[in-house]
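The values are calculated or read from the model by the stated rules, or taken from the named source; none is laboratory data. As the structure is a prediction and not an experimental result, all values here were calculated from the model. Methodologically, a virtual Cβ is constructed for each residue, glycine included, from the backbone with ideal geometry; neighbour enumeration extends over all protein chains shown. Please note that ligands, DNA and RNA were not included when accessible areas were found on the heavy atoms of the full protein model with its side chains. Shrake-Rupley method; radii C 1.70, N 1.55, O 1.52, S 1.80 Å.
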Amino acid sequence: TNNLFVDAFLQSNRLDHVSQVMGYHTSYLDHFLKTQNFILRGDGPLPFHYRHYIAIMAAGRHQCGYLINLQKQEFLLLGGEHSWLKGLSSIPPKLKNLYDINKILAHRPWQLNTSHIEKLTKGKDSWSLAEVIHAIVILTHFHSLCSFVFACGVNQEVDQAGGYKYQLPGETRVLAHPSNTNQSNPKDIPTVDITEDWKNSSHVGPPSPTEPEVGITTIMQRMKTLSEQNEECTPVELAKRFESIETQSAELGLVGADRQETPADISCFIEDEKFGYQDFAKRDEQTDFPTFRVQDYSWNDHGYSLVNRLYNDVGNLLDDKFKTAQCLTYYTMGGRTDVDTSRFRRAIWNYIQCLLGIRHDDYDYGEINHLLERSLKTFIKSACCYPQRVTKKDYDRVLREFKHSEKVHVNLMVLEARMQAELLYALRTVNRYMTN
């Protein structure tokens, strides 16, 4: 873990809080850092300052000030125009043309169609297909990273407004007010372990009243029962169960409240703020947007090779990252050991993709209701589709018998399953555009 933290520091001159929280899972963090470093700093068709600006545009869709601040710094370090940071009205038309794809992928990826790709690749200020793919990978990476940042309650960095301001030893530590621009001097900042601080923050004050939760023992018993059943379902029955889960997810509430007002330094990077997630089950034109069936267009059989062909090597990095998040296990659940968690993990992954209209034909969606209780589904839906509403309190309230490392793993699956879903829609659309 320490070696990876050194790598992370050398990549961006800081060990950011996201890397520290991901440090619970070193095998995953390794793939995450390699991928992020490659798409932002490695060989690729897009200029470096464009990459960081696209990341800012992506984080803007979920009002993620944490990622916007980090990417602004990187943008300026690479010679980006200071005036561009005034907002979308100050950027070149070529970048502005990407905004529709950014908005649709972030909230309703099923609405993406070939005309969006055509608009980018034709006419003045046109994009090459390789540039389009590079931009799409950055957009989907940062949309889903917003989910992780909010779902784990990651704090601003120490040198950012609103971040922790560490006092001299013996003094009380206070939270810097967002308007307080007087940052502490480097000598005032001791070496601290943010994860210790973050873990302990859940114990501040009395616990809030929460609904009773299905315990780990019950989940384990249900997994055992499901593995012993040999029920053969017809394709029609499997499709019905998917639709049932989809309909139920549309009836779920959300955590937190919507933000009343977006801060000006974030809203300047957002257009059409009202455009947001719409439940797939309630989509406007069911005939225009049918369920995305993985057997017709999958990552393994189609997406991986297309992305690799147009943007060298990135497919291998993404594939390793998806597989690691999906297959990661230490055979534990809470304090129990020797537990096969594969059913629980698969239920979470497929539920996330179901929220975005993607169906795995060989999966029995009935298992989701056995293994994921309502409060967990609400948390996952909020983290995936409305990340800006989620806070550290919501993280503390859910999966209360699980260890921090296991809860972080759930959030990694939200990140990766969501990113893969957005990429599948985008790559299928690019493929249709190329073959028309």
Per residue accessible area of the chain, 1.4 Å probe, in Å²
44 Å²
Vicinal HN-Hα couplings computed from phi for the stretch 290-307 (Karplus, 6.51 cos²θ - 1.76 cosθ + 1.60; Hz; Gly/Pro x):
x, 4, 7, 9, 4, 5, 8, 8, 10, 5, 4, 8, 10, x, 4, 6, 5, 5
Between the stretch 218-241 and the stretch 1-25, the alpha-carbon center distance in angstrom:
40 Å
Choose one answer from 218, 114, 329: the residue with the largest mean-square fluctuation in a GNM of the chain with alpha-carbon springs under 10 Å.
218
Report which label in (i) 40, 24, 20; (ii) 32, 30, 20; (iii) 46, 30, 17 holds the value of semi-axes √(5λ) of the Cα gyration tensor in Å derived from the coordinates of this structure.
(ii)
Do the alpha carbons of any pairs in 240/407; 94/392; 122/274; 321/377; 72/96; 323/393 sit beyond 26 Å of each other, and which pairs?
240/407; 94/392; 122/274; 323/393
Pull up all non-local amide H partners of residue 293: gap of 5 or more, or a different chain, and H-to-H distance under 5 Å with H placed in the peptide plane.
359
Restricting to DSSP loop positions (anything but H, G, I, E, B) with no more than 10 other Cβ atoms inside 10 Å of their own Cβ, which trypsin sites (Lys or Arg not before Pro) remain in the stretch 33-136?
122, 124
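Is the stretch 217-268 best put as rounded, prolate or oblate by its Cα gyration tensor, with a ≥ b ≥ c the root eigenvalues, rounded for a/c under 1.5, and otherwise prolate when a/b is larger than b/c, oblate when not?
prolate
Could you tell me what percent of the accessible area of the stretch 314-359 is made up of carbon and sulfur, with a 1.4 Å probe and every protein chain present?
48 percent
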Straight distance only, please: which aspartates and glutamates reach the Cα of residue 103 with their own Cα at less than 12 Å, same-chain residues fewer than 8 apart left out?
271, 272, 273, 422
For the stretch 109-123, in residue order, the Karplus 3J(HN,Hα) values (coefficients 6.51, -1.76, 1.60; θ = phi - 60°; whole Hz; Gly and Pro = x) are x, 5, 7, 5, 9, 5, 5, 5, 5, 4, 4, 6, 8, 10, x
Using DSSP to define loop residues, name the GluC sites (Glu not before Pro) in the stretch 258-302 whose beta-carbon has at most 15 other beta-carbon atoms within 10 Å.
261, 273, 285
At R0 = 35 Å the Cβ-Cβ FRET efficiency linking residue 229 and residue 434, nearest 0.05, sits at 0.20
Which whole-Hz couplings ³J(HN,Hα) result when phi for each residue of the stretch 347-352 is put into the Karplus expression 6.51 cos²θ - 1.76 cosθ + 1.60, θ = phi - 60°, listed in order with x for Gly and Pro?
4, 5, 4, 6, 5, 4
Who wins for biggest fluctuation among 334, 60, 79 in a Gaussian network model of the chain, springs between alpha carbons below 10 Å?
79
With a Förster distance of 22 angstrom and the Cβ-Cβ distance between residue 218 and residue 248, calculated FRET efficiency to the nearest 0.05 equals 0.65
Shape verdict for the stretch 71-160, please, from the Cα gyration tensor: rounded (a/c under 1.5), prolate (a/b greater than b/c) or oblate.
oblate
Apportionment of accessible area to carbon and sulfur, the stretch 93-142, percent (1.4 Å):
46 percent
Theoretical ellipticity at 222 nm over the chain - DSSP helices of four or more residues, -39500 (n - 2.57) apiece, nearest 500:
-16500 deg cm²/dmol
Label point 7 Å out from residue 26 along Cα-to-Cβ: which residues of the stretch 1-15 have amide N under 20 Å?
1-11, 15
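For the chain, give the magnitude of the charge dipole about the Cα centre (Cβ charges: +1 Lys/Arg, -1 Asp/Glu; no others), in debye to the nearest 20.
560 debye
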Top mean-square fluctuation among 321, 393, 274, Gaussian network model of the chain, C-alpha springs under 10 Å?
274
Over what distance in Å are the Cα centres of the stretch 268-303 and the stretch 119-146 separated?
17 Å
